[in-house]
1. Please specify each residue of the range 24-48 satisfying the condition of being over 16 Å from residue 82 (Cβ atoms) and in contact with a helix residue (DSSP H, G or I) (Cβ under 6 Å, 6 or more places away or on another chain).
2. Which of the numbered conditions does residue 14 fail, given that it passes all the others? Conditions: (1) assigned to a helix (DSSP H, G or I); (2) within 16 Å of the ligand (Cβ to nearest atom); (3) touching a strand residue (DSSP E or B) at 6+ places or on another chain (Cβ under 6 Å).
3. Taking into account only those residues within the range 27-59 that are part of a helix (DSSP H, G or I) and surrounded by fewer than 20 Cβ atoms within 10 Å (Cβ to Cβ), which is nearest to the chain's Cα centre (by Cα)?
4. Every residue in the range 1-26 that is more than 20 Å from residue 100 (Cα to Cα), surrounded by 12 or more Cβ atoms within 10 Å (Cβ to Cβ) and over 14 Å from the mean Cα position of the chain (by Cα), please.
5. Just a yes or no: is a residue in the range 86-106 closer than 19 Å to residue 9 by Cβ and away from the ligand (no atom under 13 Å from the Cβ)?
6. In the range 86-123, how many residues are more than 25 Å from residue 59 (Cβ to Cβ) and touching a residue at least 40 places away in the same chain (Cβ under 8 Å)?
Ligand code: AMP
């Protein structure tokens, strides 16, 4: 693991994966769980997480197994198609560590759509 941060098995998404905290699942397979963000910042706001223990995108893109990496990115298409976001588009974000503003230390992708999301950064 080298420079990867230590994975906290008590983070809130680990608890969701263990079924200890409820979630509104929109998609699941052997590698990935996707569920509604509890505090949506867009009409549609979904979080997509790998089932493996990865703290953030830096950890995952360095240490993720090829099957896990393919599964996570393929799931984006399956989820956006299922939710009807593929036609008009969406925004995909992953906040990494302190400068990225990451709050939950289990890698997650934010899918936001259902309406124009606006500029990448507030002016
Ligand atoms: P980030 O700042 O990228 O780490 O985003 C963490 C996201 O997790 C935020 O958008 C929160 O609203 C969301 N969140 C926190 N707890 C839960 C939960 N129990 N269920 C669903 N979403 C959550």
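What follows draws every value from the coordinates through simple rules; no lab data is involved. Here the structure is a predicted model, which means the values were calculated and not measured. No Cβ is skipped: glycine too gets one built from the backbone with ideal geometry, and neighbour counts run over all protein chains shown.
1. Of everything in the range 24-48, just one residue is over 16 Å from residue 82 (Cβ atoms) and in contact with a helix residue (DSSP H, G or I) (Cβ under 6 Å, 6 or more places away or on another chain), namely 31.
2. Of the numbered conditions (1) assigned to a helix (DSSP H, G or I); (2) within 16 Å of the ligand (Cβ to nearest atom); (3) touching a strand residue (DSSP E or B) at 6+ places or on another chain (Cβ under 6 Å), the odd one out for residue 14 is (3).
3. 57
4. Residues satisfying the conditions are 15, 21.
5. No, the range 86-106 contains no residue that is closer than 19 Å to residue 9 by Cβ and away from the ligand (no atom under 13 Å from the Cβ).
6. Number satisfying all stated conditions: 4.
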